[in-house]
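Scroll down for the structure; my scribbles are underneath it.
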Amino acid sequence: MLFRSHRSPLVRLAAERIDDIALVAVWLILVAVAINIRPLLPIDETRYLTVAWEMWQRESFLVPLLNGEPYSHKPPLLFWLIHAGWSVFGVQEWWGRIVAPLFGLFSLFGARALASALWPDSPRRAQLIPWLLLGCATWAVFTTVTMFDMLVVAFTVLAIFGLVQVWRGRAPLGFALVALGIGLGVLAKGPVALVYILPSALLAPLWMRDSASRWSRYYAGLLVAVAAGAAVALAWALPAAE
């Protein structure tokens, strides 16, 4: 009986988190299989890891480099994250290949949190969302490659989640998340991140219909959030350009 009493909380915790454990396990198997049986794909994966390596080798952490020339096609966030892992684990191919998939995992849980915020009375719907994403062939492929797309997805989900928090009456937190999503999204892949975030933000009256907030206050907060996000990106872009 004593043994069972000690096990009972652990069993209950495992039962509550079994969906999380299963989701992480499936993601981990998918990524591990891809890393072990698939080589780096030219042109994109090989090029991006080459840029990260050349920045690391030349200690050019502000300006991405490729073949000794500034590589202006993409911002540096992915490369910085690869460098962060290399500073801890040493220069390892597996770390360079797992950074983008980690954002795919974050996006799965972020999508579930977003669904919970949108439909708080439908927990089953929120549970199914990440499984539907992971079961899509396009998602399953892109979540294993070293590209910028999963970073953009993660930061877009973060920004949209922030908009929902504004809708739910938590404006300061919500606009802070919007600013963070915009800033990091631009650092991940450039201004294209705004294409995925701003439409939902600007068209808020179409889906925040039961909101009691004043729209002038909402758009003022949105303007501040966009400016703050732009400031995050410009903090790198201006020194790098100079």
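The values are calculated or read from the model by the stated rules, or taken from the named source; none is laboratory data. Everything numeric here is computed off the predicted structure, so don't read it as measured data. Every residue, glycine among them, receives a Cβ derived from its backbone with ideal geometry; neighbour counts consider all protein chains shown. For accessibility, only protein heavy atoms count, side chains too; no ligands or nucleic acids. Shrake-Rupley method; radii C 1.70, N 1.55, O 1.52, S 1.80 Å.
Restricting to the stretch 140-150, name every residue that is aromatic (Phe, Trp, Tyr) and open to solvent by less than 10 Å² (accessible area, probe 1.4 Å). Talk me through it step by step, then tell me what you get.
Going through the stretch 140-150, the residues aromatic (Phe, Trp, Tyr) turn out to be 142, 148.
The one that is aromatic (Phe, Trp, Tyr) and open to solvent by less than 10 Å² (accessible area, probe 1.4 Å): Phe148.
Residues checked against (1) farther than 27 Å from Arg209 by Cβ; (2) charged (D, E, K, R); (3) open to solvent by 20 Å² or more (accessible area, probe 1.4 Å):
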{"site": "Ala100", "(1), (2), (3)": "yes, no, no"}
{"site": "Gly104", "(1), (2), (3)": "yes, no, no"}
{"site": "Phe109", "(1), (2), (3)": "yes, no, yes"}
{"site": "Thr138", "(1), (2), (3)": "yes, no, yes"}
{"site": "Val152", "(1), (2), (3)": "yes, no, no"}
{"site": "Ile160", "(1), (2), (3)": "no, no, yes"}
{"site": "Gly169", "(1), (2), (3)": "no, no, yes"}
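Condition first: within 23 Å of Val31 (Cβ to Cβ) and either in contact with a helix residue (DSSP H, G or I) (Cβ under 9 Å, 6 or more places away or on another chain) or surrounded by fewer than 12 Cβ atoms within 10 Å (Cβ to Cβ) (or both). Now tell me which residues in the stretch 42-75 satisfy that.
Pro42, Ile43, Glu45, Tyr48, Leu49, Val51, Ala52, Trp53, Trp56, Lys74
If a residue must be under 8 Å from the mean Cα position of the chain (by Cα) and closer than 13 Å to Gly190 by Cβ, how many such residues does the stretch 139-158 contain?
3
Here is a check on your reading of the model: is Ile129 under 30 Å from Ile82 (Cα atoms) and open to solvent by 10 Å² or more (accessible area, probe 1.4 Å)?
Judged against the criteria, Ile129 is a match.
Taking Ala235 as meeting all but one of (1) aliphatic (A, V, I, L, M); (2) without any contact (Cβ under 8 Å) to a residue 60 or more places away in the chain; (3) open to solvent by less than 40 Å² (accessible area, probe 1.4 Å), write down the number of the exception.
The single condition Ala235 does not satisfy is (3).
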